1. Can you give me the number of residues within the range 388-421 that are touching a helix residue (DSSP H, G or I) at 6+ places or on another chain (Cβ under 8 Å) and in a loop (DSSP other than H, G, I, E, B)?
2. Confirm whether residue 230 is modelled with pLDDT under 95 and in contact with a strand residue (DSSP E or B) (Cβ under 9 Å, 6 or more places away or on another chain).
3. Which ones in the range 257-271 are in a loop (DSSP other than H, G, I, E, B) and over 19 Å from residue 405 (Cβ atoms)?
4. Residues in the range 307-328 that are more than 16 Å from residue 200 (Cβ to Cβ) and not in a loop (DSSP other than H, G, I, E, B): how many?
5. Just to be sure before I move on: is residue 304 over 29 Å from the mean Cα position of the chain (by Cα), part of a helix (DSSP H, G or I) and buried (at least 17 other Cβ atoms within 10 Å of the Cβ) in the structure I sent?
6. What residue, of 114, 92, is at negative phi, buried (at least 21 other Cβ atoms within 10 Å of the Cβ) and modelled with pLDDT of 85 or more?
7. Of the residues 190, 179, 129, only one is in a helix (DSSP H, G or I) and either surrounded by 20 or more Cβ atoms within 10 Å (Cβ to Cβ) or touching a strand residue (DSSP E or B) at 6+ places or on another chain (Cβ under 6 Å) (or both); which?
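The values are calculated or read from the model by the stated rules, or taken from the named source; none is laboratory data. Remember, predicted model here, so these are calculated numbers, not experimental data. Reconstructed Cβ throughout: ideal geometry from the backbone, glycine too, with neighbour counts over all protein chains shown.
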């Protein structure tokens, strides 16, 4: 038999088999149509898995959406894809050794994470922090707040369809990174805070870059308002979208801008002041609408207030030490380590053993991070390692409201609502 005859026979057999399978699929489809539920004749209901690989879910967040056409009937969240286990890691590190891990939790505002851990350890171990270090920490925390809100703003507006705005907000974040580089020697994961103070003092170059930023950034912020506050597309994508009522926000454990955008003006810096927040003047932005647009206004106003706080810190910044002088509680300066035997011994002991809070002591301390209340609960067994360390992460609390506010919304609004919630899965999946 010739090769062409073999090919023709194969093609003929394939065509017959394909035709048979096609007829069978049509018969199956006809049978399925006859057996359909009368309540959903057009098969509009479906279950959609969104994430954890979806670029708009802000990390490894998985949403299971039950849809009726383009409307979300029910939403379920699924987290746990990072497998970080940072709380268990903390129990096997000294308190200072755990500091770099806090940078990787809410990696958009590492300075706030550092300060949250330090203030909790200082509370349980009764460490006195010099006043200059307190103000330096406040400057770093407010810069981190602006940096985090800028990323939220750029990505949220990008989720609404404006790509170029993301580049504009990143331009200002780059300036903050440069400032952080001059303050701590690192741009992103700073690890500048130390138990008992800070790693190093502000140089003249760092002071100059901070002053330049707080002088120029308000103009950029004003331009953002001009572009977005009366933008019809932006308004229609956010107004009356993802509405969270005050009672639902409180019942779900919402915190930070998410809670304040729903009419409850809770701010840890006001209700339980830490560092020197009781010595500066600032307002707590609050809105009553509870929608995505209200959360936009709250965070925009918070950036204005952060600039106001930084300016006051620069004016009030006193001279003096930047770290406590107790060798059992804090690392010695590099001059002591390099030029004295006692300093070298103290440095070795702090690295090997670390600070040891009293046995049986426990405490909880929280700060107002850009996402909300970030708290550390510590139990001590008298050693340099925490017996138990638990973290109250604001992103974890805020993610719970998504199951409430996504129900009844359009599927096209999902990414905008997630952006308005502003979660970071690095601290949610502990």
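1. Of the residues in that region, 5 qualify.
2. No, not satisfied.
3. Those that are in a loop (DSSP other than H, G, I, E, B) and over 19 Å from residue 405 (Cβ atoms): 265, 267.
4. Of the residues in the range 307-328, 10 are more than 16 Å from residue 200 (Cβ to Cβ) and not in a loop (DSSP other than H, G, I, E, B).
5. On the way: over 29 Å from the mean Cα position of the chain (by Cα): no; part of a helix (DSSP H, G or I): yes; buried (at least 17 other Cβ atoms within 10 Å of the Cβ): yes.
Spelling it out, it is not the case that residue 304 is over 29 Å from the mean Cα position of the chain (by Cα), part of a helix (DSSP H, G or I) and buried (at least 17 other Cβ atoms within 10 Å of the Cβ).
6. On the way: 92 fails: buried (at least 21 other Cβ atoms within 10 Å of the Cβ).
Answer to the selection: 114.
7. 179
Here is a yes/no grid of residues against (1) outside any helix (DSSP H, G or I); (2) in contact with a strand residue (DSSP E or B) (Cβ under 9 Å, 6 or more places away or on another chain); (3) more than 29 Å from residue 136 (Cβ to Cβ); (4) without any contact (Cβ under 8 Å) to a residue 40 or more places away in the chain:
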position	(1), (2), (3), (4)
211	no, no, no, no
224	no, no, no, no
234	no, no, yes, no
244	yes, no, yes, no
251	no, no, yes, yes
255	yes, yes, no, no
273	yes, no, no, yes
